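These notes are about the structure you will find just below.
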Amino acid sequence: MKILQNVMEQVIKRNPGEPEFHQAVKEVLESLEPVADKHPEWVKAGIFDRIVEPERQIIFRVPWVDDNGRVQVNRGFRIQFNSAIGPYKGGIRLHPSVYAGIIKFLGFEQIFKNSLTGLPMGGAKGGSDFDPKGKSDAEVMRFCQSFMFELARHIGPDTDVPAGDIGTGGREIGYMYGMYKKLRNEFTGVLTGKGLSWGGSLVRTEATGYGLCYFMDEAMKSIKGKSFEGTTVVISGSGNVAIYAAAKVSQLGGTVVALSDSNGYIYDPTGIKLDTVKRIKEVERKRISEYVKYHPEAAYTEGCAGIWNIKCDIALPCATQNELDGTAAATLAENGCFAVGEGANMPCTPEAIEVFLKNGIVFGPAKAANAGGVATSGLEMSQNSMRYSWTFEEVDAKLKDIMVNIFKNASEAAKAYGYGDNLVAGANIAGFEKVAAAMYAQGIAY
Ligand code: NDP
Ligand code: 2IT
């Protein structure tokens, strides 16, 4: 449709040199063609033109002092993309690759993901080009405090509620929360992923990985009559999402044989021992290569891309964007892989997704499949507002319900618009329709 092509051209013109953002927008707009046909009133109200332009973009200086007394300067971002259905919500990424294009792609995807959860949350993302790797706890603390010193004035429990992402876990959320509280003199639910003794929710740590497995379990069951039971599973990454996806796969009867980090991957045909991985990654903060010291039956290979050559039934990319390309997808298909679930955000390239869809592989797109993290953040916000805590079982049951519902809504939307079992289109449409209706109802002032 000409109108959506014009929107895409405008995005490229306004956001030059930001290929990740272009990629994320292109995929969504392509899915939305039949929605634009069905809703000329949304086209007329400029919903498509408005939804690709962030409501607000904040870029700021983050100065801090390293352990040698030297002043370091990083760049901080918070992109508040859309608040049509609730306060802005989304994680903070700390990684040297962070620039506006990464935060925009993540913030844009977050709009639809948050909508899919069924909870009242708008879309945002933040971060910095700060690299936590190799930094002392004290350096990480000084960075986080400086970052929050500026960010605090732009966020609030009813305005914008950040959380974790790559490089931001419990430690970083703690340092940021401490600074926010000091600046505002308020104990509120302004961040999620907090510690359990100071307002955090049970299951938030496990939520993204667990949710990914709940989603894929439902999708495989409905589309192929299959489950995790007895399968061999390859998972990339070895951070928060990868570790708890691996834990849930084991609980559901599958065997995880590989994990990775940005240096390389481990292959343990007897099944990865997760206690060892947790100790190496969560406690010691070391490289995944250490694993073979404790388990000599496993092999370590330098370079992370080769992980997709391992024969498996199910692949769960849980590291970073564009980590699985068309060639890797073709290898997975040839090796008999029947399901792929995106734990990371946009880990599969458009060429890879095409291979999966053409080969009838059950494909769970990130917006739907990894929404369990932010959904449980939404549950943390609810508990904070009530000043109450649900049990592990209560939160886990709600998470599972939400993931099953996301599958149902994405699947129904795909079918309703003639996309069959294409959950990419289904998730984009189901997520979009709710936000578009809210924007339409609220008028054109923003
Ligand atoms: P972590 O920081 O805990 O772990 C990230 C993992 O991915 C590490 O193993 C890291 O390896 C690897 N990785 C990061 N960047 C790269 C890169 N450029 N190339 C290769 N490997 C890389 O982050 P999370 O587990 O929280 O996040 C992983 C993915 O899941 C991200 O895409 C994130 O946006 C997404 N996500 C996270 C959610 C959450 O709740 N945390 C919710 C939904 C999605 P190394 O240590 O070598 O850098
Ligand atoms: O990509 C994501 O959904 C997250 N990093 C989690 C965001 C959140 O607010 O919990």
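The values are calculated or read from the model by the stated rules, or taken from the named source; none is laboratory data. Since the structure is predicted, the reported quantities are computational estimates derived from the model, not experimental observations. A quick note on method: Cβ atoms are made from the backbone with ideal geometry, for glycine too, and the neighbour counts reach across all protein chains shown. Only protein heavy atoms, including side chains, enter the accessible area calculation; ligands, DNA and RNA are left aside. Shrake-Rupley method; radii C 1.70, N 1.55, O 1.52, S 1.80 Å.
Here are the numbers for the structure shown:
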{"read-out": "Cα gyration tensor category, rounded, prolate or oblate, for the stretch 171-287 with a/c compared to 1.5", "value": "oblate"}
{"read-out": "Separation of the residue 159 and residue 415 label points, Cα + 7 Å toward Cβ, nm", "value": "4.4 nm"}
{"read-out": "The chain: relative contact order as a whole-number percent, Cα under 8 Å and 6+ apart", "value": "15 percent"}
{"read-out": "Protection proxy ranking of 133-139, 204-210, 360-366 - average other beta-carbon atoms within 10 Å, highest first", "value": "204-210, 360-366, 133-139"}
{"read-out": "Accessible area in the full protein assembly, largest first, 1.4 Å probe, for 419, 180", "value": "419, 180"}
{"read-out": "Per residue, the convex hull volume that the Cα atoms of the stretch 287-388 enclose (Å³)", "value": "143 Å³"}
{"read-out": "Exceeding the 28 Å Cα-Cα cut-off - candidates 293/398; 133/194; 89/408; 226/293; 226/248; 182/367", "value": "293/398; 226/293; 182/367"}
{"read-out": "Gyration tensor verdict on the stretch 44-101 (Cα atoms; rounded if a/c is under 1.5, prolate if a/b is larger than b/c, oblate otherwise)", "value": "prolate"}
{"read-out": "Computed over the stretch 264-417: relative contact order in percent, which uses C-alpha pairs under 8 Å that are six or more apart", "value": "16 percent"}
{"read-out": "Ranked packing of 371-377, 39-45, most packed first, by mean Cβ within 10 Å", "value": "371-377, 39-45"}
{"read-out": "Additional length obtainable on full extension of the chain from residue 286 to residue 6, 0.36 nm per residue less Cα span", "value": "96.1 nm"}
{"read-out": "Square roots of five times the Cα gyration tensor eigenvalues for the chain, Å", "value": "30, 29, 21"}
{"read-out": "Relative packing of peptides 338-347, 226-235 - highest average C-beta neighbours within 10 Å first", "value": "338-347, 226-235"}
{"read-out": "Relative contact order [Cα under 8 Å, 6+ residues apart], the stretch 350-446, whole percent", "value": "26 percent"}
